[in-house]
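Peer 1: Right, I'll just put the structure down here and ask away after.
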Amino acid sequence: MSARPYDFTFDPATTALVVIDMQRDFLEPGGFGESLGNDVSQLRSTIEPLQAVLAAVRAAGLTVIHTREGHLPDLSDLPPAKLHRGDAALRIGDLGPKGRILIRGEYGQDIIDELAPVDGEYVIDKPGKGAFYATAFGDVLAEKGITSLVVAGVTTEVCVHTTVREANDRGFECLVLSDCVGSYFPEFQRVALEMVAAQGGIFGWVAPSADFLAALAASTPAADSTLPAPAVTAS
Ligand code: C5J
């Protein structure tokens, strides 16, 4: 398929869609993102294209992995450096309008309704920005025989970038869907995407979701009718 910096090839059987941190805490008012002073409406343009991608990969039977940034209720997995950084109005663990900020199991820490995981999809809770650190993400990818990642989610320059960089170092081929990743800062969005594809694809490839959807449609036979496995939560 067409992509920057050059064509990206993938086998649907060994490709996973990774949806990073599409949580109320980042996309809705009253959460972690807003407490840091961000305009959370900046991220919402990702939702509609990502819904279309999710529908297509579900129909094609690809592995789908969602991640959620968050911490244990007793904060035992929260480094003091992360807790005390900056001058947020509400810090991690404080009670906000959608529950305790960025705490696992709270309403605000969960994935937005529009992109809710379905049975058979993985949900990885992660304490850091990258999906590999202190999680079972790498084990899930190995177990499923995944070699290529199609990456979406927020924010482009933070959790998406950290995960793509970590994946690249581990030998995964990463395609970042430019309209399905979002940043609170338009200039960071542009530069973060440039950084992935620069220098001959130093971290991977970038393409709009329409190009991925066209390639997926061309490469997959009719949808698999087997029943999905039960939902799996791993951290
Ligand atoms: C941030 C993330 N921005 N999911 N987290 O703190 O990108």
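Just so it is clear, none of the values below were taken in a lab; they were calculated from the coordinates. Keep in mind it's a predicted model, so treat the numbers as computed, not measured. Reconstructed Cβ throughout: ideal geometry from the backbone, glycine too, with neighbour counts over all protein chains shown.
Peer 1: Filter the helices (runs of 4 or more DSSP H) completely within the stretch 11-67 down to those with at least 1 residues that are of a type in the set (Lys, Arg) and farther than 20 Å from Ser209 by Cα.
Peer 2: Numbers: elements: 24-27, 32-35, 47-60.
Passing ranges, in order: 24-27.
Peer 1: Given (1) of a type in the set (S, T, N, Q); (2) under 30 Å from Leu216 (Cα atoms); (3) within 15 Å of the ligand (Cβ to nearest atom), where does Gln109 come up short, assuming only one miss?
Peer 2: Failed condition: (2).
Peer 1: I would also like to ask the following. Tell me yes or no: at least one residue of the stretch 72-82 is within 15 Å of the ligand (Cβ to nearest atom), closer than 18 Å to Val154 by Cα and either touching a residue at least 60 places away in the same chain (Cβ under 8 Å) or not charged (D, E, K, R) (or both).
Peer 2: no
Peer 1: Is it the case that Gly130 is within 16 Å of the ligand (Cβ to nearest atom), at positive phi and crowded, with 20+ Cβ neighbours inside 10 Å? Don't jump to the end; show me each part of the working.
Peer 2: Values: within 16 Å of the ligand (Cβ to nearest atom): yes; at positive phi: no; crowded, with 20+ Cβ neighbours inside 10 Å: yes.
So Gly130 fails the test.
Peer 1: Is it the case that Phe26 is of a type in the set (Phe, Trp, Tyr) and closer than 16 Å to Val150 by Cα?
Peer 2: No, not satisfied.
Peer 1: Another question, then. Within the stretch 47-55, does at least one residue satisfy the condition of being within 13 Å of the ligand (Cβ to nearest atom) and in contact (Cβ under 8 Å) with a residue 24 or more places away in the chain?
Peer 2: Looking for residues that are within 13 Å of the ligand (Cβ to nearest atom) and in contact (Cβ under 8 Å) with a residue 24 or more places away in the chain, one finds none in the stretch 47-55, hence no.
Peer 1: Ile112 versus (1) in contact with a Gly (Cβ under 8 Å, 6 or more places away or on another chain); (2) closer than 22 Å to Leu43 by Cβ; (3) touching a residue at least 12 places away in the same chain (Cβ under 8 Å): which is the lone unmet condition?
Peer 2: Condition not satisfied by Ile112: (1).
Peer 1: Has the stretch 193-202 got at least one residue that is over 20 Å from Met22 (Cβ atoms) and β-branched (Val, Ile, Thr)?
Peer 2: Within the stretch 193-202 (the criterion being over 20 Å from Met22 (Cβ atoms) and β-branched (Val, Ile, Thr)), the answer is yes, since at least one residue qualifies.
Let's see how each residue does on (1) among the basic types (Lys, Arg); (2) more than 14 Å from the ligand (Cβ to nearest atom); (3) surrounded by fewer than 20 Cβ atoms within 10 Å (Cβ to Cβ):
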residue	(1), (2), (3)
Ser41	no, yes, yes
Ala59	no, yes, yes
Thr67	no, no, no
Gly99	no, yes, yes
Gly105	no, yes, yes
Val118	no, yes, yes
Val123	no, yes, yes
Lys126	yes, no, no
Ala142	no, yes, yes
